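First the structure, in the form of structure tokens, and then the observations on it.
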Amino acid sequence: MTLANATVQSGRHGPPGSPRAKQPGQINRNAGTWFLVLPALIPILVLSVGPLLYGIALAFTDSQSGRTRSTQWVGVLNFQDLLHDGLFWESFRIGLVWALGVTVPQFVLALGLALLLNENLRMRWLARALAIIPWAMPEVVVGIMWRLVYNPDAGILNETIRDLGLGDGRDWLTGLATALPAVIVVGIWAGMPQTTVALLAGLQNTPHELHEAAALDGAGAWRRFRTVTWPALKPVALSITALNFIWNFNAFALVYVLTNGGPGGRTRLPMLFAYEEAFRYGQFGYAAAMGCVMVAVISVILAVYLAGRLRGGEDR
């Protein structure tokens, strides 16, 4: 072997004990991977990450509507104003009540429905198809449909109450005491299908042999659920519950169509409040600060929730 060849091979492979240099094939594979990822990554960066960063920057300005208005950097002034804005924190409280009031019953009902659809029932395929119909309907359509259901004069709910002799019915969406519960019922109905589908997928991934072994040991239905079904379903349940809480807290279209935040702000969720500040009153900077606060608080709540659930799982 000549000195030139040894030098070339030494430069190609490196000295003994050093990490092997990347081969051309590996470089091509990495380039091909990025080439396949970019079509999905670019829309995320443009439509999600970019607006998020812009919204955070906007929260530190006094940006308002109007082409002739100049935007000035105001630092944390918007956040200081938020601390003393009772209307915003009231909407935040309503948002938490709404999110919990929808997420918890939604999960319980969806779990029962998923357990039922997992059984070998006749016409099970039809029941599964019917169960996801609310999921296929746009939120605006769902809101309009339920406005008709709640109609005080000709709605099916009040007509049923009158037919049963339980009274004359009431105006569900404009009553101070009934507006939020009525909207929560719609949220549960509209969001239950995706929770059911996720839980049903988790149930179908549970090995059937475990149920058979538990049944041979004399375990009843509840004990089989507690010792076999729930441990296998828990990761799916944790994920879908966290996602539902985020989705429900950030709800906008459904409540906007049903009540537009009324009556008297009883259903004004944080997203509705921020929307009004931005597009009704033109306070873009202040509305962006609201969005930052909502993201930060919900992130903390979810972090504590997930950490507690995961720690509990490790202890068991």
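Here are some notes:
- Reported count of residues in the range 190-221, each being open to solvent by less than 50 Å² (accessible area, probe 1.4 Å) and not aliphatic (A, V, I, L, M), is 9.
- Among the residues making up the range 199-219, a single one is out of contact with any Leu (no Cβ under 9 Å at 6 or more places or on another chain), among the small types (G, A, S) and touching a residue at least 24 places away in the same chain (Cβ under 8 Å): A201.
- Within the range 50-95, the residues that satisfy the criterion of being more than 13 Å from G291 (Cα to Cα), β-branched (V, I, T) and exposed (fewer than 15 other Cβ atoms within 10 Å of the Cβ) are T68, T71, V76.
- Condition met for G143 (surrounded by 15 or more Cβ atoms within 10 Å (Cβ to Cβ) and small (G, A, S)): yes
- Condition check for R128: in a helix (DSSP H, G or I), farther than 19 Å from T196 by Cβ and either open to solvent by 40 Å² or more (accessible area, probe 1.4 Å) or out of contact with any Asp or Glu (no Cβ under 6 Å at 6 or more places or on another chain) (or both): no
- Residue selected from the range 160-195 under the condition of a type in the set (G, A, S) and assigned to a loop (DSSP other than H, G, I, E, B), by the criterion farthest from G261 (Cα to Cα): G165
- Number of the condition not met by A289 [criteria: (1) hydrophobic (A, V, I, L, M, F, W, C); (2) surrounded by fewer than 20 Cβ atoms within 10 Å (Cβ to Cβ); (3) modelled with pLDDT of 90 or more]: (2)
- Tally of residues being surrounded by 15 or more Cβ atoms within 10 Å (Cβ to Cβ) and either free of Cβ contacts under 8 Å to residues at least 24 places away in the same chain or of a type in the set (K, R) (or both) across the range 96-122: 0
The values are calculated or read from the model by the stated rules, or taken from the named source; none is laboratory data. Keep in mind the model is a prediction, meaning the values are calculated, not measured. When we count neighbours, we look across all protein chains shown, and the Cβ atoms used for this are built from the backbone with ideal geometry, even at glycine. Accessible surface is based on the protein model in full, side chains and every heavy atom, while ligands, DNA and RNA are left aside. Shrake-Rupley method; radii C 1.70, N 1.55, O 1.52, S 1.80 Å.
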